[in-house]
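The next block holds one structure in the form of structure tokens; read it before the comments.
We did not get these values from a lab; they are worked out from the coordinates using the rules stated. Since the model is a prediction, treat every value here as computed from it, not as a measurement. Heads up, the Cβs are rebuilt from the backbone with ideal geometry, glycines too, and the neighbour counts pull from every protein chain shown.
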Amino acid sequence: MRETEVVVIGAGQAGLSAAYHLRRTGYQPGRDFVVLDHSPGPGGAWQFRWPSLTYGKVHGMHSLPGMELTGADPQRPSSEVVAGYFTAYEQRFELQVRRPVDVRAVREGGDGRLLVETSDGDWSTRALINATGTWDRPFWPRYPGQETFRGRQLHTARYAGPREFAGQRVVVVGGGASATQHLLEIAPYAAATIWVTRRPPVFREGPFDEDAGRAAVALVEERVRQGLPPKSVVSVTGLPLNDAIRAGLESGVLDRRPMFERITPDGVVWADGRRADADVLLWATGFRAAVDHLAPLRLREPGGGIRVEGTRAVADPRVHLVGYGPSASTVGANRAGRAAVRDIRRLLAGTGAERPAA
């Protein structure tokens with residue numbers, strides 16, 4: 001059993017931001033705090049993005065605190081750019097991320113401490129910063145007949161690029177940015193594409209200014225205050241009506257259809273009897289928060305989510321969630337990391353924990 005003051009779970013944008021602020025305020029990596037990451041290397045979820053998502057196509061990527069990301073080639077895959085940046089960041093601030101480490105459960109550890117059970121042994125800690133994101137929990141909706149489909153089904157999490165769909169009939173499901181990116185990439189290669197969504201997509205014209213950003217974050221924040229499962233910030237901002245989207249609308253590639261009613265072995269069927277044959281169903285249906293390892297702490301509310309004030313879990317002030325709900329964006333993750341560290345320092349001071357030497 002190893003003891004530390006703070007355990008950070010996850011080394012994506014939110015986890016590295018929290019680790020930076022811990023170190024900056026005097027906590028020493030490996031002694032006062034530890035960062036556990038289950039991924040094979042630096043880069044968070046970015047390292048798993050499809051190669052055709054180049055850095056120039058990425059919207060709203062903010063640098064980590066204390067070290068700017070500059071001079072990145074917009075034609076390089078975002079997975080390579082961000083993984084390289086995160087690697088340099090971890091080395092510069094000597095964050096000593098432990099990987100690959102799977103966190104299996106977090107439970108009461110006695111004497112007011114938490115027990116973090118992992119594939120690399122257990123940790124006893126006074127506080128926990130959970131920064132596990134959503135990439136490991138792709139959301140797959142269920143529709144009648146889904147198990148009978150003879151073609152291929154995959155989620156955005158396993159999308160590798162458009163060439164694998166050459167000559168195939170592809171149904172893309174989902175109303176977010178990933179769905180439109182997939183459609184625009186796949187259409188030149190596929191025999192046919194169909195776009196289906198549960199609700200009509202909302203396109204946003206004009207710049208997305210600071211006031212609009214704050215309003216969107218407030219909507220997500222209110223859900224987590226009520227203990228409801230968080231929606232992503234993107235889900236309340238709408239789709240930016242840029243040149244690529246306009247071209248897709250004009251060409252018919254982004255001609256949205258309502259959600260089908262059921263799936264057949266050869267395709268999909270709508271409520272009015274219309275049918276479409278398909279070789280592939282691509283589910284661009286988003287992700288859910290990866291927090292199952294926190295289940296022993298019983299943090300979930302009746303509404304299905306974890307009620308959070310700022311970054312603190314209301315049911316347990318030792319637990320902070322960053323990159324969750326309103327802090328799921330890269331800029332939000334940076335701010336959440338700083339806020340979590342500030343509150344944890346107050347918590348540990350109140351429990352008599354000795355402040356680490358600066």
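Tabulated values for the structure
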| read-out | value |
| --- | --- |
| Cα-based equivalent ellipsoid of segment 100-190: semi-axis lengths in Å, sorted from largest, via gyration tensor | 41, 15, 12 |
| Segment residue 298-residue 142, extension gain: residue separation times 0.36 nm, minus the distance between their alpha carbons | 53.5 nm |
| Average projection area in nm² (convex hull over Cα atoms of segment 214-347, one quarter of hull surface) | 11.8 nm² |
| Folded to 0 to 90 degrees: helix 330-350 orientation relative to the chain principal axis, Cα | 30 degrees |
| Cα-only Debye scattering, the chain: base-10 log of I(q)/I(0) at q = 0.13, 0.14 Å⁻¹ | -1.06, -1.18 |
| Where labels lie 7 Å past Cα in the beta-carbon direction, separation of residue 68 and residue 241 in nm | 3.4 nm |
| Mean Cα-pair separation over length for the chain, i.e. relative contact order, pairs under 8 Å, 6 or more apart, % | 23 percent |
| Selection of chymotrypsin sites (Phe, Trp or Tyr not before Pro), segment 120-183, meeting DSSP coil and at most 15 other Cβ within 10 Å | 139 |
| The chain: angle of helix 78-92 to the longest principal axis, Cα-based, in degrees nearest 10 | 10 degrees |
| Neighbour net charge for residue 153 - beta-carbon separation under 12 angstrom, K R +1, D E -1 | +2 |
| Local electrostatic count, residue 92, Cβ distance below 15 Å [Lys/Arg +1, Asp/Glu -1] | -1 |
| Gain on full stretching of the segment that runs from residue 154 to residue 115 - 0.36 nm per residue minus C-alpha separation | 10.4 nm |
| In degrees, nearest ten, helix 13-24 long axis to first principal axis of the chain (Cα) | 20 degrees |
| Largest-first principal axis extents, alpha carbons of segment 1-79, Å | 44, 25, 15 |
